[in-house]
Amino acid sequence: MKILVTGSQGQLGRELAEMLPERGHKVAAFSHQELDIADPEAVEKALDVHAPDIVVNAAAYTNVDGCETETELAYRVNALGPRNLAQLCECQGSELLHVSTNYVFDGSSERPYEPFDLPNPISAYGRTKLAGEEYVMRLCRRWYVVRSAGVYGEGHNFVRTMLRVAKERDTLKVKEDEYITPTYARDLAGGIADIIENGLYGLYHVTNSGSCSWYEFARDIFTLAGVEVEVLPIPTSEYPLPAARPANGVLSNIGSPTLRHWREALEDYLRREGALERG
Ligand SMILES: NC(=O)c1ccc[n+]([C@@H]2O[C@H](COP(=O)([O-])OP(=O)(O)OC[C@H]3O[C@@H](n4cnc5c(N)ncnc54)[C@H](OP(=O)(O)O)[C@@H]3O)[C@@H](O)[C@H]2O)c1
């Protein structure tokens, strides 16, 4: 397939740009500087020139707390960006795969969120991402929406932050009442490749398997990396942030490709980063 990837310098975009050619696809990968998805004329030009079979949108404004104050920018990138892609993909005859988030849910459920559960975002980031999903679903016929959670790869992420901060302090406090499934961007890219190769349109939840609190995630990062630091579990109320996060951010992968357990993926990631204790 001829695939156009947006946001190619992001955590997911990098993995897609590397993996899709390995799987035999012809890829045109665009960084933010090369293609601003919020600019409809630029999107139209890129689609005209490359005439892709499918666009994979890995571009987003992902600063969750920043979205609370930079709401207009968040809406332009997270909602109007996918709107532009959806409308122009429809005109061009291209399919669209759009990536979204577990933050479209409010986190009050007692069980993992199914793709057919009703979203109810509790942050500006979640609201703008949900608006983006809705544009995609309404404006083009051949769409895939892939929600993920707790993504880490080549970029700013929780794993790198923990390893950096542990060098500066002996004790760290990490939230124990917020649950996610940490998801390695490389595994997510593989799940996305499976989906577009299968060609069954619709809504997917793609994360690594299993779940944990941020506290358990931090503890496992340090155990695998052989870092000696005291990790103290705290409630969210002790670490207030501008944006609210869902207490339960775990997605059910029903009907979606099954990825390996998050702990196995984390070990692989740390090995690639040169941070695994046993090499
Ligand atoms: N990270 C997570 O924990 C997480 C969790 C669930 C879902 N997701 C979703 O997964 C997808 C990929 O996330 P990620 O972790 O790879 O994010 P990321 O590392 O922040 O990458 C996003 C990329 O989009 C680019 N971008 C921002 N505005 C753009 C615009 N107007 N036009 C084109 N590109 C633009 C950014 O470039 P600049 O940096 O130069 O602005 C960046 O390279 C997103 O849809 C995100 O909502 C992420």
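The values are calculated or read from the model by the stated rules, or taken from the named source; none is laboratory data. Computed from a predicted model, the values in this text were never measured in an experiment. Cβ atoms come from the backbone with ideal geometry, glycine included; neighbour counts cover every protein chain shown. Surface accessibility is based on the protein's heavy atoms, side chains included, excluding ligands, DNA and RNA. Shrake-Rupley method; radii C 1.70, N 1.55, O 1.52, S 1.80 Å.
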Whole-Å semi-axes of the ellipsoid equivalent to the range 90-217 (Cα gyration tensor, √5λ, descending): 30, 17, 13
With every protein chain left in place, what is the accessible area per residue of the range 43-145 in square angstrom, probe 1.4 Å? 44
Averaged per residue, what accessible surface does the range 212-273 expose to a 1.4 Å probe, in Å²? 49
Quick one: which residues, 5 or more positions from THR101 or on another chain, have an amide H under 5 Å from its amide H? H modelled 1.01 Å from N in the peptide plane, none for Pro or chain starts. SER148
Evaluate the relative contact order of the chain (contact order divided by residue number), counting alpha-carbon pairs under 8 angstrom at least 6 apart; express in whole percent. 20
Mean ellipticity per residue at 222 nm, deg cm²/dmol - from DSSP H runs of n ≥ 4 across the chain, formula -39500 (n - 2.57): -11500 deg cm²/dmol
Which residue, ALA131, LEU4, THR71, has the largest displacement toward the positive end of the dipole of the range 1-135 when charges sit on each Cβ (Lys, Arg +1; Asp, Glu -1)? LEU4
Cβ under 10 Å from TRP143's Cβ, TRP143 left aside: what net charge do those residues give with Lys, Arg +1 and Asp, Glu -1? 0
Ignoring any ligand, DNA or RNA, what whole percent of the accessible area of the range 11-71 comes from carbon and sulfur when the probe is 1.4 angstrom? 45
In terms of the alpha carbon gyration tensor, root eigenvalues a ≥ b ≥ c, rounded if a/c is under 1.5 and otherwise prolate when a/b exceeds b/c or oblate, the range 202-243 is oblate
Compute the label zone of ILE234 within the range 119-150: residues whose backbone N is under 14 Å from the point 7 Å along Cα-to-Cβ. none
Beta carbons within 10 angstrom, averaged per residue: use that to sort the peptides 157-168, 232-243, 46-57, 4-15, highest first. 4-15, 46-57, 157-168, 232-243
Which order do the peptides 205-211, 250-256 take when ranked by the mean count of other beta-carbon atoms within 10 Å per residue, highest first? 205-211, 250-256
